[in-house]
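**Student:** Following this message is one structure expressed as structure tokens.
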Amino acid sequence: MAASFIDTNILIYLVSSDARKADAAEEAVRAGGYVSVQVLNEFANVARRKLGFSWTEVHMFLASCRALLDVVPLTTDVHDLGLRLAERYQLSVYDAMIAAAALESGCDRLLSEDLQDGMTIEGLVIANPLKGLG
């Protein structure tokens, strides 16, 4: 069965003022899948620093995400794989850790706007659910 891993930027688009992107992000999340603790942390940081969320709003949003998506912990195995992926594929360490968490959770797709749509990392296909939305 195909499983998707959701990158931070897709969660951020859930609260976007661009209705088309927000709808596409909501469709991706409603389909279920996985996020990592790193993704939750990155969202909390952006929500507080750039989106002006209160701590209560951050907690409520992340609780909703955790209810809809399985959360992958950042383990030393994920960390080690992430470093290897960063080196092999010339990724940032943070992007590589997300790819590693996706691979460790058994996902075959990583939904992300940041990485190249169609790129394959160790069998993990990058897909941009916002492609063509401007």
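Where a number appears in this text, it was derived from the coordinates with a stated rule and is not lab data. These numbers were taken from a predicted model, which means no experiment stands behind them. All Cβ positions, even for glycine, are placed from backbone atoms using ideal geometry, and neighbour counts span all protein chains on display.
**Student:** Scan region 46-63 for residues that are under 27 Å from Gly106 (Cβ atoms) and surrounded by fewer than 12 Cβ atoms within 10 Å (Cβ to Cβ) and jot them down.
**Tutor:** Correct list: Ala63 only.
**Student:** Here is a further query. Is there a residue in region 103-110 that is among the basic types (Lys, Arg), touching a strand residue (DSSP E or B) at 6+ places or on another chain (Cβ under 6 Å) and in contact (Cβ under 8 Å) with a residue 12 or more places away in the chain? First the steps, then the outcome.
**Tutor:** Initially, region 103-110 is screened for residues among the basic types (Lys, Arg), giving 109.
Subset that is touching a strand residue (DSSP E or B) at 6+ places or on another chain (Cβ under 6 Å): 109.
From what is left, the residues that are in contact (Cβ under 8 Å) with a residue 12 or more places away in the chain are 109.
Checked against the condition, which is being among the basic types (Lys, Arg), touching a strand residue (DSSP E or B) at 6+ places or on another chain (Cβ under 6 Å) and in contact (Cβ under 8 Å) with a residue 12 or more places away in the chain, region 103-110 yields at least one hit.
**Student:** Another question, if that's okay. For region 64-74, give me each residue that is under 22 Å from Ala31 (Cβ atoms) and either among the β-branched types (Val, Ile, Thr) or surrounded by 15 or more Cβ atoms within 10 Å (Cβ to Cβ) (or both).
**Tutor:** Once the filter is applied, which keeps residues that are under 22 Å from Ala31 (Cβ atoms) and either among the β-branched types (Val, Ile, Thr) or surrounded by 15 or more Cβ atoms within 10 Å (Cβ to Cβ) (or both), region 64-74 yields Cys65, Leu69, Val71, Val72.
**Student:** Next question, about the same structure. Which one is farthest from the chain's Cα centre (by Cα) among residues in region 15-59 that are under 27 Å from Thr75 (Cα atoms) and assigned to a loop (DSSP other than H, G, I, E, B)?
**Tutor:** Among those that are under 27 Å from Thr75 (Cα atoms) and assigned to a loop (DSSP other than H, G, I, E, B), it is Ala31.
**Student:** Follow-up. What are the residues in region 75-134 that are farther than 24 Å from Ala24 by Cα, out of contact with any Leu (no Cβ under 9 Å at 6 or more places or on another chain) and surrounded by 18 or more Cβ atoms within 10 Å (Cβ to Cβ), if any?
**Tutor:** Within region 75-134, Ala86 is the sole residue that qualifies.
**Student:** Follow-up question, since we're still on this one. Working only within region 24-45, note down all residues that are small (Gly, Ala, Ser) and surrounded by 13 or more Cβ atoms within 10 Å (Cβ to Cβ). Spell out the reasoning first.
**Tutor:** Kept after step one, since they are small (Gly, Ala, Ser), are these residues of region 24-45: 24-25, 28, 31-33, 36, 44.
The answer is Ala24, Ala25, Ala28, Ala31, Gly33, Ser36, Ala44.
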